[in-house]
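The structure appears below as structure tokens.
The values are calculated or read from the model by the stated rules, or taken from the named source; none is laboratory data. Nothing here was measured: the structure is a model prediction, and the numbers come from that model. When we count neighbours, we look across all protein chains shown, and the Cβ atoms used for this are built from the backbone with ideal geometry, even at glycine.
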Amino acid sequence: MKHPLPHPTSEFHLKSLIAAVASALLCTLSFAALPAQAQAFSILHSFTNGGDGGSPTAPVTIDSAGNLYGTASTGGTGGNGTVFELKRSDNGWTLNTLHAFDYSNGDGKVPLSGVVFGPDGALYGTTSAGGTGCYGGCGTVYNLRPPQTFCHTGVCLWTETIIHNFAGYPHDGLQPEYATPIFDPSGNLYGTTCGGGPVDDGTAFEMSESNGTWTETPIHNFTGGDGECPQVGLLRDRAGNLYGTTLQGTGNQGEVFELTLLASGWTLSKLVVFEEGINGNAPGGPLVADSAGNLYGMTQSGSVFELTYSGGTWAYNQIFDLPGAGGIGPLAMDAEGNLYGTQFVGGIFGSGAVFKLTLGNGTWAYTDMHDFSITNGCAFPYSGVSIDVDGNLYGTASQGGYRAPSCGYWGCGCVWKITP
């Protein structure tokens, strides 16, 4: 399986970053001048790779009170990662560690995906490794429930339950990566795994709960010809259809797919096949839909695209070619239909950027909202953008921030905010 964006703490990742940054800088320098706008950027928390975690790769989830929830892929107990809350107050933001993964006790490890609130009020997420489903751990699905009594700030542990241990090839999925789970109105959970299944090309799965017990069922096993390695999450429309992307597939550059539930079971349709040099390659984050049901996404090579449905077919339209690389985080859309996202590399300093795309007179315009810098702030954002009710933007960066000894020059990452 192909992994263009490896785990942020690996030695290979650091070498890849150097090459990617050099390439992104060339793209940035050759692009017309697009200076960052006068946005108010702030760092809400710099990770230390200790009890608070380190190297976050997932977007944050915002609750009704404006508190943020997310994961860090390293740090915590034995370096296995954490789930955290950033609680807002009049005095600023305070980080609470809700759970530190303990792989030595059969827990999951390396949470690359975000968390989502289920209909029962618990947080749900996945770990890309660990668990007891196979030798070495194939990953888990877990939930976290808040304590019954009030706890002070700092370490405020919630109660974790592993609701599924992935078993891998040939009957189950393996290695859920950047795929934050989603729920349907009935409380069923859906997600993807990059590997596993009969030919080890990945799965889409459903989990249903009955009397406190969760049952996981692969609803599609990818076979290469219909896609390979769905590494990000799914989107559900009002009719119950599921949409997603694969990292590879026909032509080896990835696909957009739809899963439709028929009387005979779930059926996959390929909506787009990517070809490098034509429409980009390696679709990144999960898809987002507008009020009319049009779908939007981004490739890791920097192509932002739209899919519109008419007359029983989907039409592909590349709406913008970003200056520099794209990313794997989700695009976000505000009430006016503007799109926001992060570029993993690129920007003025080559360490990533936050951008906005605005539609006017049939043309999308690019605004550089913030340029990350490894030397004086956060850097290399995987996460994408989350928007609160006031229009503030939030996300994480996998590196930069506080230079703890265990992080070295690259830093341990941060949570950031942009106030437009």
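Among the residues of the stretch 128-143, none is identified as surrounded by fewer than 20 Cβ atoms within 10 Å (Cβ to Cβ) and not in a loop (DSSP other than H, G, I, E, B). Counted as qualifying within the stretch 336-415 are the strands (runs of 3 or more DSSP E) with 1 or more residues that are closer than 22 Å to ASN317 by Cα and free of Cβ contacts under 8 Å to residues at least 12 places away in the same chain, namely 353-360, 363-371.
For the stretch 283-301, the set of residues classified as crowded, with 16+ Cβ neighbours inside 10 Å, more than 10 Å from GLN318 (Cα to Cα) and either touching a strand residue (DSSP E or B) at 6+ places or on another chain (Cβ under 6 Å) or free of Cβ contacts under 8 Å to residues at least 24 places away in the same chain (or both) consists of PRO283, GLY284, GLY285, PRO286, LEU287, VAL288, ALA289, ASN294, LEU295, THR299, listed by residue number. Whether any residue in the stretch 324-335 is modelled with pLDDT under 95 and among the charged types (D, E, K, R) is what I want to check. No, that holds for no residue. Filtering SER64, SER113, SER104 for residues that are without any contact (Cβ under 8 Å) to a residue 12 or more places away in the chain and outside any strand (DSSP E or B) leaves a single hit, SER64. Scanning the stretch 255-311 for residues that are of a type in the set (A, V, I, L, M), over 24 Å from GLY114 (Cα atoms) and either in a strand (DSSP E or B) or touching a Ser or Thr at 6+ places or on another chain (Cβ under 6 Å) (or both) turns up LEU261, LEU262, LEU268, LEU271, VAL272, VAL273, LEU307. Residues in the stretch 307-343 that are hydroxyl-bearing (Ser, Thr, Tyr) and buried (at least 17 other Cβ atoms within 10 Å of the Cβ) were compared, and the one that is farthest from GLN399 (Cα to Cα) is TYR340. Among the residues of the stretch 232-251, those that are touching a residue at least 60 places away in the same chain (Cβ under 8 Å) and either among the basic types (Lys, Arg) or over 15 Å from TYR190 (Cβ atoms) (or both) comprise LEU247, GLN248.
Only one residue in GLY384, GLY360 is small (Gly, Ala, Ser) and either crowded, with 23+ Cβ neighbours inside 10 Å or on the phi > 0 side of the Ramachandran plot (or both). Which one? Matching residue, one of GLY384, GLY360: GLY384.
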